[in-house]
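Read through the structure below, which is laid out as C-alpha cells, and then see the notes.
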Amino acid sequence: MGITRRQGLKAILGSAVGVVGTTLPGAAGAQSRAETLRQVMGGTINTLDATTPGATREAFGAGMAIYDRLGSFGRKQLDGVWVFDFDNIRGELAEKIDRSADGRTFTFHLRQGATWHDGTPVTAADVKWSLDRAVSAKSLSAAQVGTGSLTKPEQFRIAGDRTVEVTLEKPDRLALANLSVALSPMINSTLAKKHATADDPWAQAWMKENTAAGGAYMIESHRPGQQTVLKRHDAWKGGADGKLPFFRRIIAQTVPEAATRANLLERGDADLSIDLQASDIAALQSRGKVKLVAIPQTNGFTGIVFNARMAPFDNAKVRQAIAAALPYEDMFKAALFGRGRPLFGADWSEAPSAAFPQKLPLRTDPARAKALLAEAGMASGFATTFAFAAGAAATAEPAAALIKEALAKIGIEVSIQKMPDAQMTTMEVERRLPFFMESGTAWLPAPDYFVRTYFSGDQRWNFSGYKNAELDALVQAARFETDAAKYDAACKRMITIIAQEMPTLMLWQPNQDAVMAPGIEGFTYWFHRQVDYRDLRRA
C-alpha cells in the first residue's frame, strides 16, 4: 500500500513526536530536534539480527549501529568525500589488536569498562560465544567469516578476563576484515542464552525482534517494515576518537515512494535519504534546498552477465561480439544520467594494476562485433532474451532498449524480459537466464575476494556460472599470499582473464547519492551501502 506525502509526514512526526521533541517549547525543543536524525528509506529493517537469512541491506545498516564488532574499518577522504578505508582496521570493541609474527594468531584486548546496553560488563566469554555463534549457527555469518578461514569454535580461545585469541591454520589476509563486518556482531551472551532453547541454541528466533547488544545505539522502538527508533548508548566506548555519536536519536522510517521521500527532504521534514531515483536528483539540486553527497560505489558494480553454461554464451567469441556492439556511453547516460563511475573505455591488453573493479577494455566497435560473430560460426546472428529485475527497472529498462537496438544491427534479435525480483533471483540461481543485468557489492573489496565471489566456484554470486581452471587456482592461492608483489601479479592476471573471457561486462559503479538537509555533515560511504549514523553530525 502506498503512503502519501501527508501520511509519510504524519507517520514521522506522529508516533515519534515525543521522541523528536517537536512539541517541546523553547530551547529544549530546539535541542531535541537538532540532536535527532530522521532518515526516510524505500526498504525496510526486517530483522534486528543482521545475520538472519533474508536480512535486508537496511537491517545490515541498523546492525552496525546497534552492535559492536571486534574491529572496524577506518575512514578516509577520496576526492573530497568520506569513504571506508579497507586497508586501515582499528579496534572497536577491542581497544588493541595484536598479530603474531607468523600472521596466524590475533589477540584481542577488550576495552576497559565496556558494557552491554543493559549495563553489564562485556567479558571474554561473551566474545567467545559470539564467535562460536558466527561459525556454528545456521545464519549468514558462517559463509561470510569462512572467507577469512574462520570456520570452527576451536579457533577461538579465552586468554584472560578481557582477552580473546583467534588462531588460523595459515595466514589469511581477510581474517581480520571479516571480524569488522555486519555479520560478526558481538553479543551479550548471558542475555541471549536466557532466550535460547534446545531447538534454537543461539537464540536466533528471539534476536530477530530483540537485541543483546552494546553498540553506539540501542532500540527505543521497532515496528518491522515501518519505523525503527534508536537512542544513543551514552556508555559506548567504541568510537574511533573515543567520542559519542552526535545524534541522540535516530528515526529510520520506510516511505516506499521515492517522490514522497524527496518531498519530505525538500520541505525539511526529513534529514536524509540514500535511495532516491537518479532522475530526481538533478531537480532537487537545482532548487537548492538540500545537499547532495555523491560517491561512486567503490566496492560495487552493475554489469551485463552472460550464462557461460548455456549456448551460445558458452562461446567466448559470442560474448566478445556482444561486448564490441554495445553503446556504453549512451547506456551510462540513459540509465544513470551519468551519475557514477564508468568501468568501460580502457585501452589495455593486460591489466595495468591489481585494483578491482577497474576500467576494462570495453569499447564500441560494430565491425569487430560482426567479425567475432562470424568467427563463432554465427554470422547470421541468433535470437535470445535479455532479462532484468522489476526492482531495477528505472536504470535497467533504458539500458535494455539500447542493448536491443545495438544488437539488432549485428543480427542478434533480443526479446526484453522484465521479471518480478523473486522470479529473477530463482532463475539466476537455477542458471536459466541467457543473459541479463545484475549488480553486486563485495563487502571486502580485496581484488582476490571480489574475483572469488563473482567469477569463481558454484556459489550464488558467480552469476555467470563461469569456470576457468587458471583463474580458480589463482584466486584460491591469493588469499594466503603474504608476498605483496606476488599477490599483485596474481590479481593482475585474474583481471586480465576476466577482460579477455568476458563472462560479465562490468559497466559502471553507480553513485550512492545521499540527499540530506544542508546542515548534515560527515556522511561516509560504507561497504554495506547503508548509513552509519555514528559518522554524522548537524552543523
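The values are calculated or read from the model by the stated rules, or taken from the named source; none is laboratory data. Every value quoted in this text rests on a predicted model; they were computed, and no experiment measured them. Quick reminder, even Gly has a Cβ in these numbers, built from the backbone with ideal geometry, and neighbours come from all protein chains shown. Calculation scope for accessible area: heavy atoms of the full protein, side chains included, ligands and nucleic acids excluded. Shrake-Rupley method; radii C 1.70, N 1.55, O 1.52, S 1.80 Å.
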| Quick one: length gained pulling D234 to R537 fully straight, 0.36 nm per residue minus the C-alpha distance? | 107.5 nm
| query | Taking the mean number of other Cβ atoms within 10 Å as a proxy for protection, how do you rank 190-196, 200-206 from highest to lowest? | reply | 200-206, 190-196
| said: At R0 = 51 Å, how high is the FRET efficiency between T105 and E257 if r is their beta carbon distance? Nearest 0.05 is fine. | reply: 0.50
| said: Once you compute Rg and the Kirkwood Rh from C-alpha atoms, what is the Rg to Rh ratio for the chain? | reply: 0.98
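Hey, with R₀ at 30 Å, roughly what FRET efficiency would D458 and A485 work out to, going by the Cβ-Cβ distance, to 0.05? It would help to have the intermediate numbers written out before the result.
On the way: r = 31 Å, r/R0 = 1.04.
That pair, D458 with A485, gives E of 0.45.
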| field | Label-point gap, in nm, between K467 and Q112 - each point 7 angstrom along Cα→Cβ | value | 5.8 nm
| note | Taking placed amide H atoms and a strict 5 Å upper bound, the residues 5 or more places from T524 or on another chain that come that close are D532
| Average accessible surface area per residue within the stretch 114-240, 1.4 Å rolling probe, Å² | 41 Å²
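Take the Cβ-Cβ distance between K418 and D161 as r, set R0 to 56 Å, and report the resulting FRET efficiency rounded to the nearest 0.05.
Numbers: r = 58 Å, r/R0 = 1.03.
Taking R0 as 56 Å, the efficiency between K418 and D161 is 0.45.
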| Nearest 10 degrees, 0 to 90: what angle lies between the long axis of helix 484-501 and the longest principal axis of the chain (Cα atoms)? | 50 degrees
| For the chain, what is the relative contact order in percent, using Cα pairs closer than 8 Å and at least 6 residues apart in sequence? | 19 percent
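How long are the semi-axes of the equivalent ellipsoid of the stretch 307-379, taking √(5λ) for every eigenvalue λ of the Cα gyration tensor, in whole Å from largest down? Before the final figure, lay out each step's value.
Numbers: eigenvalues 110, 50, 31 Å².
That gives 23, 16, 12 Å for the three semi-axes.
So what is the calculated 222 nm ellipticity per residue for the chain, using -39500 (n - 2.57) for each DSSP H run with n of 4 or more, over all residues, to the nearest 500 deg cm²/dmol?
Working: 19 runs with 175 residues, N = 539.
That calculation yields -9000 deg cm²/dmol at 222 nm.
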| task | Determine the per residue accessible area of the stretch 458-539 with all protein chains present and a 1.4 angstrom probe, expressed in square angstrom. | result | 35 Å²
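Heavy atoms only, probe 1.4 Å: what % of the accessible area of the chain goes to carbon and sulfur, would you let me know?
On the way: 10960 of 21680 Å².
The value for the chain is 51 percent carbon and sulfur by accessible area.
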| Cα lying deepest toward the dipole's positive end in the chain, options M437, Q253, A473, charges on Cβ | Q253
| query | Taking amide hydrogens as modeled 1.01 Å from N in the peptide plane, which residues meet the under 5 Å criterion relative to H233, leaving out close sequence neighbours? | reply | Y217, M218
| remark: So, with points 7 Å from each Cα along the Cβ direction, the R267-D365 label distance in nm works out to 5.5 nm
| For I274, net neighbour charge (Lys/Arg +1, Asp/Glu -1) across residues whose Cβ lies under 14 Å away | -1
| task | Rank by packing, highest mean first: peptides 498-508, 372-382, with packing defined as the count of other Cβ atoms within 10 Å averaged across residues. | result | 498-508, 372-382
| Long-range HN-HN contacts of W202 with modeled amide H, under 5 Å | T197
